[in-house]
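The values are calculated or read from the model by the stated rules, or taken from the named source; none is laboratory data. Note that the structure is a prediction, hence the values are computed from the model and not measured. Reconstructed Cβ throughout: ideal geometry from the backbone, glycine too, with neighbour counts over all protein chains shown. With ligands, DNA and RNA removed, areas are computed over all heavy atoms of the protein, side chains included. Shrake-Rupley method; radii C 1.70, N 1.55, O 1.52, S 1.80 Å.
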Amino acid sequence: MSFQGFPEAALDFYDDLEVDNSKAFWEQHKQTYQSAVAAPMRELTDALADEFGEAKLFRPYRDVRFSKDKSPYKTHQGAYVAVAPATGYYVQISAPGVMVGAGFYDASPERLSAMRTAIDDDRRGRELEQIVADLTATGWEVGGDRLKTAPRGWDPGHPRIELLRHKTFTVSHHYGFDAVIHTPELVDRVRDDWRTTAPLIDWLTRHALA
């Protein structure tokens, strides 16, 4: 089936799951998850696959082995299109609505070193600065894990120290409860958003993941 939008039941499901994150609740409402969340998410990403590639839908179960929080279920459903290792496009639905994103989420030492070397380079670093400026000017939020201080060996006065502090780098745009999330038009909106973030993905694959 073609994507028709996320139903209100998807938001209600996650509202309720945040209150009662239990196996009993999940088993009682599993069909709602399948029909209101998982199926529309697959239809959405399938509609984008011809341009961006096939998406992976993340499992709804949390890995609680090393977490103090033993809640068994994720309170969001995410889907991810890989472009390069740990780099790609993302879309998510949760109680606060729909969010789209893109970026680089792997903080391995080798990739951090490559990213910081590229940021330090005047030409490549300024290119990333301009990409980020263009995105934030149109409402995108910069995220990712960041050091509180300068990375070891880097000058705190570096002109791009804020970029150098990143251990991962993402951008996101939130639709929240915008009525468009309940309509087929969301496909085109997410497509446009991912196209907008393509320069960031291109920069990361060319310079930060070499």
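Key figures
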read-out: Inter-residue pairs, beta-carbon under 8 Å, first β-branched (Val, Ile, Thr) and in region 122-137, second surrounded by 15 or more Cβ atoms within 10 Å (Cβ to Cβ), 6+ apart; value: ILE131/PRO199; ILE131/LEU200; ILE131/TRP203; VAL132/VAL142; VAL132/LEU163; VAL132/VAL171; VAL132/LEU200; THR136/VAL142
read-out: Elements of type helices (runs of 4 or more DSSP H) contained in region 101-210, each with 3 or more residues being acidic (Asp, Glu); value: 122-137, 186-203
read-out: Residues of region 11-67 classified as in a helix (DSSP H, G or I), open to solvent by 70 Å² or more (accessible area, probe 1.4 Å) and of a type in the set (A, V, I, L, M, F, W, C), total; value: 2
read-out: Of all residues in region 1-10 being assigned to a helix (DSSP H, G or I) and not acidic (Asp, Glu), the one that is nearest to PRO60 (Cα to Cα); value: ALA10
read-out: Among the candidates ALA84, ALA102, ALA114, ALA107, residue that is of a type in the set (Gly, Ala, Ser), within 30 Å of PRO60 (Cβ to Cβ), touching a helix residue (DSSP H, G or I) at 6+ places or on another chain (Cβ under 6 Å) and modelled with pLDDT under 95; value: ALA84
read-out: Selection count, region 188-210, where residues are closer than 16 Å to PHE169 by Cβ, among the aliphatic types (A, V, I, L, M) and open to solvent by less than 10 Å² (accessible area, probe 1.4 Å); value: 4
read-out: Residues that are hydrophobic (A, V, I, L, M, F, W, C), closer than 18 Å to PRO109 by Cβ and surrounded by fewer than 17 Cβ atoms within 10 Å (Cβ to Cβ), drawn from region 150-166; value: ALA150
read-out: Single match in ARG123, ARG146 (criterion: surrounded by 13 or more Cβ atoms within 10 Å (Cβ to Cβ) and more than 26 Å from PHE52 (Cα to Cα)); value: ARG146
read-out: Leading residue by the ranking (farthest from the chain's Cα centre (by Cα)) among those in region 87-117 that are open to solvent by 10 Å² or more (accessible area, probe 1.4 Å), under 12 Å from LEU204 (Cα atoms) and among the aliphatic types (A, V, I, L, M); value: ALA114
